[in-house]
Amino acid sequence: MPERPAKLGLGENLPQFSLLVALNAFVGAMVGLERSTLPLIGEDDFGLGSSVAVLSFIVAFGLAKSFTNLAAGVGAERFGRRRLLILGWTAALPVPLLIALAPSWGWIVAANLLLGVNQGLAWSMTVVMKIDLVGPRRRGLALGLNEAAGYGGVAVAAALSGWVASEIAPRDVLVAGGAAIAVAALLLTALFVRDTAAHVRLEQGAHDRDEGAPPLRRAFPDGTYREPALRSCSQAGLVNNLNDALAWGIVPLFLAAGGASASEVGLVAGLYPGVWGVGQILAGQWSDRVGRKPLIVAGMLLQAAALGLLGASGGALGLAALAAVVLGAGTALVYPTLLAAISDAVSPVARAPAVGVYRFWRDMGYVVGGLLAGLSADAIGYEGAIAIVAVLTAASGIWVAVDLPERAKPAAATFR
């Protein structure tokens, strides 16, 4: 049976788009399983007394995910989006096994290296494939739906794993949940996902230029420092995930030190990505109408205010929950909008490398955040670590206000 000709648009590609949305919820759920439980497992099961040691799994995750994002962006044109998506889910299969058999914390760190590979390949490809399918007109909405699904998966898995972990061993929760998600997602991808190369060619044809995807030696400096639209997004993405590393690794310990139970930690751990996930649908559409810059600046400043409230809460559950809601709202404004701004600023064939470079720097935020939060918490306490990250987040928002063009036009930067 011949393949249908490629068309751009959300309605025209709704079945494939919806499948990719569901798969991204699975990607998020793999991380969400760890959100409310793994820092506590580090203290309780392995006797880790240092915040830096506990957060080493986040550093490993961030390193693996960052470099995988970079490789995925460059390799997407050469190997195909679908193949890399399948490879990403294959990398997830050993993760629950390593956690189940782990005799030491080093095995948990190794499992998170593989989880970072899974996230770098699977999340990058679902993002890029959705952008390929919808074309430029509804890009913000598409990315809002994508990120909402991913972080909705994080929220549900974080809340459920925290609740179940209050009844049975947290490690058993991670193992059973991770195995079920990885197997289901791999089967769905292999059986039903189609590649989107034809959609890229169709959109590139509208640009009336014959060019190939830029090599990494051009894409990396442009995305890091050469192009204002790209560098301001890259630094904001890094700082955003820096404070997410704090929320992932330090907040459960901060709340537990204040007397919160595992289920209460799970509630706060789920609120933040839950608001983040749902809010991105509205934020993505909003950015299509008003531009990317106002939402990014407002979101970074809102995150800084939320972290300030969290640090001042003293671990009180009500204030921590309110801070989690505000932090989620600020992140919702930022997350899909940064991806849309990156996609606006490059031509279609340069999209995958540009997104790869941006996601490299964004997920380096886990490395920087894990080290910074862990060292700061050990040196000056949880409140001090939270205050430092709040200041950095506010400074990042100011950087975007100064450096990001008001609205980067599609293909304004083509990695010359």
Inside the range 356-377, the number of residues satisfying the requirement of being of a type in the set (Val, Ile, Thr) and under 19 Å from Ala76 (Cα atoms) is 1
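Quick grid of which residues meet (1) at pLDDT 90 or above; (2) over 23 Å from Ala247 (Cβ atoms); (3) part of a helix (DSSP H, G or I); (4) more than 19 Å from the chain's Cα centre (by Cα):
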residue: Leu309; (1), (2), (3), (4): yes, no, yes, yes
residue: Gly314; (1), (2), (3), (4): no, no, no, yes
residue: Ala321; (1), (2), (3), (4): yes, no, yes, yes
residue: Gly328; (1), (2), (3), (4): yes, no, yes, no
residue: Thr337; (1), (2), (3), (4): yes, no, yes, no
Might you let me know whether the range 342-360 holds any residue that is within 19 Å of Leu301 (Cα to Cα) and either in contact with a Phe, Trp or Tyr (Cβ under 8 Å, 6 or more places away or on another chain) or modelled with pLDDT under 95 (or both)? no
Whether any residue in the range 252-272 is β-branched (Val, Ile, Thr), farther than 26 Å from Asp344 by Cα and assigned to a helix (DSSP H, G or I) is what I want to check. yes
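Among the candidates Glu77, Glu43, which residue alone is of a type in the set (Asp, Glu), surrounded by fewer than 24 Cβ atoms within 10 Å (Cβ to Cβ), more than 24 Å from Trp163 (Cβ to Cβ) and at pLDDT below 90? If you could, list the steps in order and put the result at the bottom.
Values: Glu43 fails: more than 24 Å from Trp163 (Cβ to Cβ).
On inspection, the qualifying residue turns out to be Glu77.
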When the residues of the range 251-277 are filtered to those that are aliphatic (A, V, I, L, M) and farther than 16 Å from Gln303 by Cα, which remaining residue is modelled with the highest pLDDT? Leu255
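Here are Leu143, Leu97, Leu113, Leu87: which of them is out of contact with any Phe, Trp or Tyr (no Cβ under 6 Å at 6 or more places or on another chain), among the aliphatic types (A, V, I, L, M) and modelled with pLDDT under 90? I'd like the intermediate steps shown before the answer.
Values: Leu97 fails: modelled with pLDDT under 90; Leu113 fails: modelled with pLDDT under 90; Leu87 fails: modelled with pLDDT under 90.
Sole residue among the options that is out of contact with any Phe, Trp or Tyr (no Cβ under 6 Å at 6 or more places or on another chain), among the aliphatic types (A, V, I, L, M) and modelled with pLDDT under 90: Leu143.
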Only residues that are surrounded by 14 or more Cβ atoms within 10 Å (Cβ to Cβ) and either in a helix (DSSP H, G or I) or modelled with pLDDT of 95 or more (or both): list them for the range 399-416, please. Trp399, Val400, Ala401, Asp403
So Pro221 passes all but one of these: (1) out of contact with any Ser or Thr (no Cβ under 9 Å at 6 or more places or on another chain); (2) of a type outside the set (D, E, K, R); (3) under 23 Å from Thr68 (Cβ atoms); (4) crowded, with 24+ Cβ neighbours inside 10 Å. Which condition number does it fail? (4)
Residue satisfying all of: in the range 260-287; hydroxyl-bearing (Ser, Thr, Tyr) and farther than 22 Å from Asn240 by Cβ; surrounded by the fewest Cβ atoms within 10 Å (Cβ to Cβ) among these: Ser261
Select from the range 152-168 the residues that are surrounded by fewer than 23 Cβ atoms within 10 Å (Cβ to Cβ), more than 20 Å from the chain's Cα centre (by Cα) and not acidic (Asp, Glu) and list them in ascending order. Trp163, Val164, Ser166, Ile168
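Restricting the search to the range 89-138, which residues are of a type in the set (Gly, Ala, Ser) and within 15 Å of the chain's Cα centre (by Cα)?
Start the filter on the range 89-138 by keeping residues that are of a type in the set (Gly, Ala, Ser), which leaves 91-92, 100, 102, 104, 106, 110-111, 116, 120, 122, 124, 135.
Gly116, Gly120, Ala122, Ser124, listed by residue number.
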Cβ-Cβ under 7 Å pairs, at least 6 apart or on other chains, the range 121-135 side closer than 10 Å to Arg81 by Cα and modelled with pLDDT of 90 or more, far side outside any helix (DSSP H, G or I) and hydroxyl-bearing (Ser, Thr, Tyr): Met129/Thr196
Checking Ala332 against (1) hydrophobic (A, V, I, L, M, F, W, C); (2) at pLDDT below 95; (3) farther than 26 Å from Ala71 by Cα; (4) out of contact with any Gly (no Cβ under 7 Å at 6 or more places or on another chain), which single condition isn't satisfied? (4)
Report, ordered by the first and then the second residue, all pairs with beta carbons closer than 9 Å, sequence separation of six or more or different chains, a first member in the range 183-198 that is part of a helix (DSSP H, G or I), and a second member that is of a type in the set (Val, Ile, Thr). Ala185/Val27; Leu186/Ile86; Leu186/Thr90; Thr189/Ile86; Ala190/Ile86
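The values are calculated or read from the model by the stated rules, or taken from the named source; none is laboratory data. All values reported here derive from a predicted model rather than from experimental measurement. Methodologically, a virtual Cβ is constructed for each residue, glycine included, from the backbone with ideal geometry; neighbour enumeration extends over all protein chains shown.
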